[in-house]
Every structure is written in C-alpha cells, then in structure tokens.
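Some notes on the structure that comes next.
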Protein chains: 2
Amino acid sequence: MNLKKTMVLSNTYYYGNHPILVAVDNIIFGFDTVEERLKVLLFKRLVEPYAGEWSLIGSFVQEGQNIDDAASSVLEELTGITGLYLEQLKTYGNADRDTGERVISIAYYSLLKLEEDNAQLRDQHDSFWFDISEVPNLVLDHGQMVKDAIRKLKIKARRSPIGFELLPEKFTLRQFKSLYEQIYQAEIDDRNFRKKILATGLLDKLEEKDKTTSKKGAFLYTFNKEKYDEYLSRGFDIQFH
Amino acid sequence: MNLKKTMVLSNTYYYGNHPILVAVDNIIFGFDTVEERLKVLLFKRLVEPYAGEWSLIGSFVQEGQNIDDAASSVLEELTGITGLYLEQLKTYGNADRDTGERVISIAYYSLLKLEEDNAQLRDQHDSFWFDISEVPNLVLDHGQMVKDAIRKLKIKARRSPIGFELLPEKFTLRQFKSLYEQIYQAEIDDRNFRKKILATGLLDKLEEKDKTTSKKGAFLYTFNKEKYDEYLSRGFDIQFH
DNA sequence: TTTATAAACGTAAAGATAACGGTTAATTTT
DNA sequence: AAAATTAACCGTTATCTTTACGTTTATAAA
C-alpha cells in the first residue's frame, strides 16, 4: 500500500486493518563464573501447545501495556529483580511462524549476574541454563532468536563493557577474560587481555584475592562506576576476537 | 506473567489475549552524488490524522502478510524497484505512541541509489528528500525512528561496505569519501581515505573519468562483486570517524 | 625442599593510523 | 602563450596499537 492509497482511507485510517496478537520473548543470558561458561535460560513447556519442548520465556503484550514493559515484567516476575539489563533484539513476524494463531513476537535479550543464589533462577524442573554452544532444539523460531541474540551480543561486547552486567560485583581478570572467550568462542592471550582491559581504566583493583583457581590467588577487581558511565555516554570500543 | 501462569491457560493459550494493530514504517536513505549529501525521504501527509505534517512512509501489516513483506511492499510500490536493501531497525510499541488507536510500529530502514531519473523517487508535492542534518519535526515518534536509523547506519557502515547500496554503479573516490563524511558528519583526510579504501581490494578502477568537480578529472570506480560478497560472508570492518 | 602452576609483569617486531608535504593534469585567467 | 589555479593523486614519517611470546612470582601440594 503506498501513501496515496493510504490517504484515501482518510477517516477510516485505522479501520479495516487487521489486529494481530503480539508477544514478547526473552533471551536471558547469564555468565557462570564458576564453570566459566556463558549460559542461556530455557524453559521446558509443560502443556500444549508444544508440551515437552524447550522454549524461551515470554508473554503476550496486554492491552495498554508498553512492549518494553511486557518484556521487563517477564524478567522481573521470573527473577524478582528489577532494573536488569534488557534490550530489544528483533521482531519476528512471518505470518506462519506460530502454528496456531498468528503471533508477532518482539524478542528481547537480557544480561544478568548468575552468581547469586536466587531460588527462582536455579535450575528447576521446567527451566535450565544451557551453555550457549549446546542449545537444544527449540519451539517455533526460538532457535533463530537465540542465534540472533548471540550474534548481537558479540557486536554489543565490542561497543559496551558488557562485563558490568554479566560479572559479579567482584571478579578476577581470569573470569573477565573467560567471559570474552565465551562470547567470541575463541582463545585470548592472557597478557594481552590484561594489558588492554586495564588500559581502559574501567577496573579498580581490590586488596582481596580469589584462590579457587590457583595457589597464588588472583586479585579481585570491581568496575569503576564513574569510568563506566563515562564510556557509556562517550562510546566504548574494544576488540578481542 | 511468568511461565507457570501462562501454562495454566493451557488450551486457552491464544484466547483472552488482546490483538493489536501492527504497522511497518520505513526510513528510506539515499545518497545524492551531485550534492554529496545523505538524504532521507519524508512524506507530507495530505489528510487526517496529522494532515500537513511530515512523516515516514508505512502501512499496516495485513492479515497473512509477513512483516518483512509488508515493509518491502511499501518500498516496491513507491519506487517500482524490487530487491532494494531493507533491514529491520527496531519496533516501537509504547501503548500511547499513536494518539488514535493503539498501533505497534516495526521500523525498517532502506538504502538506495539516488542517481536514477526515477520519477517516483524525485521530489514531489507530497514527498521530499531531506538532508539528514535537516530533518523537520515528524509525526508521532517518527523523529526518534529517524534518529535511531541514523545511529544504526553509522554502526552498519563500519561493518559492511554500505557504498555498494548507496553509490551508483560508477563513482569517484571523492563521492565515496563524501558518503562516509555524511554518515559520520566528520571530515576525512583525502589521502588516508584513498589508501584505506583501496587496500580493501573492493574497488576496480575504470578507464573513464568524471570531470564534474575538477579540471583534471577523477577516475571512476566500481565495486568488485566477488570481493564484496567475500566481505559480506567473512565480515568487514572499516573505521573512518 | 622441590615441584607445579596460575598469576603477574615485560618486551620487541609488525601492523595500522594520523598528520601532512609534494606532484600531476587539466582548465581558466592573464 | 604563459601563468595561475585546483582537484586529484602519490608518498613519507611519527605515533599508537596489536600480536606473539619470554620471564618472574607466590603459593600449595608432592
């Protein structure tokens, strides 16, 4: 329909068009600092449609509800945490993507710290944290959504200090390096990583050490919030893959 | 709504949810090689709602129509050209973004060559190519859409040889440079640009010269399609700003 | 006391970037 | 006909960045 045809509708601008069910789906990433693995949270569907199959978590967009609010509600009700990192990924809208009624899905991805013993986030009978290299077959086009989210995360990690959302308050350089290694699925040279990441000034070294992976112990670091905010506003660019 | 609550709905999985009008809006970019300006195509609305105001072109997503097809239809019916570059930008879905009925809009952006004497692409009484630095006030959240599209284009231009979509078949290095200058709204050193862009191997030098901007004349170049496809699949990275 | 190993520190060669000077080919002006 | 003009084109160097890899340190376990 081009503009002129649309214009003819005039008073009937909205009328005669076909409303469609709209949902949000959420690709939830978490970094396991113990296993040093990037994970994605998936859900086993208990009932029809697609009972027994793995899927993302989502919900329908309700009357009067902003789409961003629909996405953050899903996340908040799942985790009990507000203000988690959440960003729109892409909208999936092939007419036949849902085998039941037509549903357009707006996919979001979120990043969260996976250290806390948050009961709701623990593996449950109906949800599981999958290694991003071992995602099972998913319902509908959710597999494509996860693929697209991982691709987006790679790009995001270059232009934003993503560790701030994925690492715990205190972390070792080893953990930070392994986060990048997981995202890019590639080895990073230890010494070069250290140099580059410390040169940003983003990290404050603490007195404390973590001895879980070595006899010597590795110093813990935190993000310098001021530097972090500065990079967020002025732009950030780092490359590891 | 978390998964368990959703599950309880079971057979009524789709039932009870609220269908919403969904539209696509298109941010159409064109590079004017004569003026050496990056332009965006906007439309003066002739009738209500918002008569007399500038807006993007769009359409409602029809029953059974894929969202990507809705977006490409708008573009094809406007230009008469198929296969133009078109990519999804972002979905805008605040409940109150449309002052009439609720409409969720999926924004797309497209890139096209602006040289051809295509009547439909010329400035008309109801449409106009605006310099990207001189975009007027737009209807609803269309101004934000254009802003977001320009931001996306900057990122896109780093990771893809965008000139292929925006420049004519034959072009000068001057024109290619000015395209990047327009995208990044910054001056680029002539000699460094030439070195960097030629080093990619993307360009084939022709015998022909263009004398419109100098006495000496500037050699024309074309994209090497093989190299271009290679970069598209293996990844591209160039920085000018 | 020795061994083992992650952590931490350092260096040098190669490559990329930024800044800028000089030459060329043609037209326009004198 | 000669001089002036100007975009186009070519080249150099200093500086920063990246890559690759060698060395030392602190501690627990053998």
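The values are calculated or read from the model by the stated rules, or taken from the named source; none is laboratory data. Worth saying up front: this structure is predicted, and the values here are computed from it rather than measured. Please note: Cβ atoms are built from the backbone with ideal geometry, for glycine as well, and neighbour counts cover all protein chains shown. All accessible areas refer to the heavy atoms of the entire protein, side chains included, with ligands and DNA or RNA removed. Shrake-Rupley method; radii C 1.70, N 1.55, O 1.52, S 1.80 Å.
Computed over neighbours whose Cβ is under 10 Å from that of A:MET145, the net charge equals -1, Lys and Arg +1, Asp and Glu -1. If you take all other residues with their beta carbon under 13 Å from the beta carbon of A:PHE219, and give Lys and Arg +1 and Asp and Glu -1, the sum is +3.
Once the Cα atoms are used to define both axes, helix B:190-199 deviates from the longest principal axis of chain B by about 80 degrees. In chain A, the DSSP-assigned H stretches of four residues or longer account for a calculated mean residue ellipticity at 222 nm of -9000 deg cm²/dmol, using -39500 (n - 2.57) per stretch and the full residue count as denominator.
Accessible surface buried at the A:B interface totals approximately 5200 Å², computed with a 1.4 Å probe on protein heavy atoms.
Among the listed pairs A:LYS113/B:LYS227; B:LYS90/B:LYS170; B:LYS90/B:LYS196; A:LYS225/B:LYS147, a Cα-Cα separation exceeding 30 Å is found for A:LYS113/B:LYS227; B:LYS90/B:LYS170; B:LYS90/B:LYS196. Would you work out if chain B is rounded, prolate or oblate? Take a ≥ b ≥ c from the square roots of the eigenvalues of the alpha-carbon gyration tensor; rounded if a/c is under 1.5, else prolate when a/b is larger than b/c, oblate otherwise. The shape class here is prolate. Between copies, B:LYS205 shows label-point distances of 5.2 nm, shortest first, with the point placed 7 angstrom from Cα along Cα to C-beta. Placing A:ASP126, A:ASP141 in order of accessible area, with the largest value first and a 1.4 Å probe, yields A:ASP141, A:ASP126. Amide H to amide H distances under 5 Å link A:ASP210 with A:ALA218, A:PHE219, A:LEU220, where only residues 5 or more positions off or on other chains count and H is placed in the peptide plane. As a length-normalised measure over Cα pairs under 8 Å and 6 or more apart, the relative contact order of region A:123-241 settles at 29 percent. With angles folded into 0 to 90 degrees, how steeply does helix B:142-159 sit against the dominant principal axis of chain B? Use alpha carbons for both and round to 10. Rounded to the nearest ten degrees, it is 50. How much of the DSSP bridge set in the protein assembly as shown is antiparallel, in percent, rounded to the nearest 5? Restricted to the protein assembly as shown, the bridges split so that about 70 percent are antiparallel. For chain B, the relative contact order comes to 20 percent (Cα pairs under 8 Å, sequence separation of at least 6). Compute the long axis of helix B:225-234 from its Cα atoms, compare it with the longest principal axis of the Cα atoms of chain B, and write down the angle in degrees, 0 to 90, nearest 10. Between the helix axis and the principal axis of chain B, the angle is about 50 degrees. Across peptide B:62-68, the mean count of Cβ atoms from other chains lying within 10 Å of each residue's own Cβ comes to 6. Centroid-to-centroid, using Cα positions, region A:145-161 and region B:207-241 are 29 Å apart.
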